[in-house]
Amino acid sequence: MRRSRAILTVLTSGALAAGALTVLSPSAEAATTLGAAAAEKGRYFGTAVSLNRLSDSTYSTILNREFNMLTAENEMKIDALEPQQNQFNFTTADRLITRANEIGAQVRGHTLAWHSQQPGWMQSLSGTALRNAMKNHITQVMTHYKGKIHSWDVVNEAFDDSNGGRRDSNLQRTGNDWIEDAFKTARAADPAAKLCYNDYNTDNWSWAKTQGVYNMVKDFKARGVPIDCVGLQSHFNSGSPYPANYRTTLENFAALGVDVQITELDIEGSGATQATTYGNVVRDCLAVARCNGITVWGIRDTDSWRASGTPLLFDGNGNPKAAYTAVLSALGGGTSSPSPSNPGSVSPSVSVSPSQGTGACAATVSVNAWTGGFVATVTVKAGSAALGGWTTGVTLPTGAAVTSTWSATASGSTGAVSFTNVGYNGAVAAGASTSFGFQGTGNPPSGTLTCTAR
């Protein structure tokens with residue numbers, strides 16, 4: 001469905017007194033982070049996270065500020081979660097869920113069934129024993145994370161690169177129905193999670209591998225096999241460049257009645273050429289209604305599995321590259337480039353201890369609404385004294401519900417809903433501001449926002 005920008009409202013309130021509803025023109029300030037800009041388009045913008053890098057302050061600052069979807073780079077793969085048969089270790093991966101909750105992001109699960117990164121015990125199995133082990137892994141992992149995962153890569157990289165057929169693997173040798181068996185098991189384990197097939201070299205519509213995956217999805221939809229989305233990894237370089245028919249590929253998969261997600265995007269290169277390609281990919285996604293999100297495979301070039309190709313949006317020092325600006329612009333966001341040390345809208349020259357805030361605050365919100373839904377971007381501004389934390393509240397109209405929140409923690413989803421700062425944006429200097437956002441279904445709020453200093 002095409003979403004119009006027909007409604008744009010600003011709701012205002014002080015900490016103690018409610019202000020009047022004001023209607024602004026569509027020239028309101030654009031979002032200035034990737035996640036917020038994508039959310040205003042009804043989409044997400046995410047990144048792969050390596051949990052051992054969370055102690056790196058530059059890495060964590062960018063992560064907290066920019067992204068509203070997180071994917072574990074390795075910590076949710078089979079060998080990490082089930083190192084010994086039926087002995088599961090969720091401790092490390094659970095940290096990703098915790099971080100996502102702290103910053104108001106969602107999580108993609110990656111990956112449940114794959115020929116690679118299998119633990120030794122799984123590699124030694126075959127036939128019925130392997131099939132049952134795969135199904136048990138899917139069931140146990142999805143049950144543990146039930147209600148906490150937006151989308152799962154249920155099956156990863158099951159097609160051969162050359163002829164459009166299935167890849168020879170121990171899983172494939174259990175029988176050609178192993179993929180649909182995996183999806184049926186996944187649906188039973190968590191009916192609410194989106195179930196995706198994910199692969200690389202499926203970007204060019206004319207390639208045999210792309211057609212092989214397309215025909216499988218078409219068959220699944222025709223026979224009622226549960227599948228909700230297709231993930232295109234989209235690792236682009238000189239040997240596998242961005243194809244001119246990329247949008248056609250997205251459109252054709254979407255036409256089957258599944259969502260399309262760009263799941264592992266990185267583009268080797270630098271400067272204007274790299275920036276142009278990143279912008280093209282984003283515009284292609286925005287042009288396809290069912291392309292509902294983009295994930296880049298890492299944050300800084302030095303974090304990338306292909307670091308020598310400098311394929312990401314931030315350089316090794318955490319500075320935004322031309323590619324970052326191109327992506328933000330393509331999403332319709334602001335053009336200002338954030339400092340890697342600036343966690344949000346608070347002036348980087350002012351240091352505020354979380355324990356110091358005692359002042360009043362005010363909340364303003366711009367709403368981009370369409371028939372049946374809306375995205376709200378809220379600015380929280382401190383008064384004459386610094387804030388150590390804040391909570392804003394709004395009453396939604398009957399039938400409206402909050403479906404996702406970023407850079408804040410929501411309490412409730414219908415009726416009276418409150419939003420509390422996350423760890424990195426609670427401290428706000430006197431007179432400075434920070435922001436968060438939420439997306440919802442139904443009619444947008446039409447009353448006032450309250451803001452209370454904590």
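Quick rundown of the values:
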quantity	calculated
Crossing angle, helix 57-66 versus the chain [Cα axis fit, 0-90 degrees, rounded to tens]	80
In sequence order, calculated HN-Hα J values of the range 387-398 (Karplus, 6.51, -1.76, 1.60; Hz; x Gly/Pro)	9, x, x, 8, 9, 10, x, 8, 9, 7, x, 4
Helix 208-223 axis, angle to the chain major axis (alpha carbon atoms, nearest 10°)	80
Debye, to nearest 20: dipole size of the chain, +1 on Lys, Arg Cβ, -1 on Asp, Glu Cβ	900
Sum of side-chain charges, residue 194 neighbourhood, beta-carbon under 14 Å (Lys, Arg +1; Asp, Glu -1)	+2
The chain: relative contact order as a whole-number percent, Cα under 8 Å and 6+ apart	19
With all protein chains modelled, accessible area of residue 256 [1.4 Å, Å²]	30
The range 297-304 - phi-based ³J(HN,Hα) in whole Hz, Karplus 6.51/-1.76/1.60, Gly and Pro as x	8, x, 9, 9, 3, 6, 8, 6
Folded to 0 to 90 degrees: helix 127-144 orientation relative to the chain principal axis, Cα	10
Gain on full stretching of the segment that runs from residue 95 to residue 384 - 0.36 nm per residue minus C-alpha separation	100.4 nm
Amide hydrogen neighbours beyond the local backbone of residue 390, cut-off 5 Å, H modeled	421, 454
Residue-count net charge about residue 232 - beta-carbon cut-off 9 Å; Lys, Arg +1, Asp, Glu -1	-3
Unit charges on C-beta of K, R, D, E only; dipole of the range 199-247, Debye	140
Summed side-chain charge close to residue 303 - residues other than residue 303 whose Cβ falls under 13 Å, Lys, Arg +1, Asp, Glu -1	-2
3J(HN,Hα) from dihedral phi, the range 187-204, Karplus parametrisation 6.51/-1.76/1.60, rounded to Hz, x for glycine, proline	4, 5, 6, 8, x, 8, 6, 6, 10, 10, 9, 10, 7, 10, 6, 10, 8, 8
Three-way shape call for the chain based on the alpha-carbon gyration tensor, with the a/c threshold at 1.5	prolate
Between the range 60-102 and the range 163-223, the alpha-carbon center distance in angstrom	24
Portion, in percent, of the accessible area of the chain that falls on carbon or sulfur, probe 1.4 Å	48
Listed residue (248, 404, 155) projecting farthest to the positive dipole end of the chain, Cβ model	404
Residue order for 214, 44 - accessible surface, 1.4 angstrom probe, largest first	214, 44
Estimated distance in nm for a label pair at residue 55 and residue 219, the labels positioned 7 Å out from Cα along Cα-to-Cβ	4.9
Average silhouette area of the range 102-194, convex hull of alpha-carbon atoms, in square nanometres	6.9
Average accessible area per residue (Å²) across the chain - probe 1.4 Å, nucleic acids and ligands excluded	38
5 angstrom amide H check on residue 166, placed H, neighbours 5+ away	160
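The values are calculated or read from the model by the stated rules, or taken from the named source; none is laboratory data. Worth saying up front: this structure is predicted, and the values here are computed from it rather than measured. All Cβ positions, glycine included, derive from the backbone under ideal geometry; neighbour counts span all protein chains shown. Surface accessibility is based on the protein's heavy atoms, side chains included, excluding ligands, DNA and RNA. Shrake-Rupley method; radii C 1.70, N 1.55, O 1.52, S 1.80 Å.
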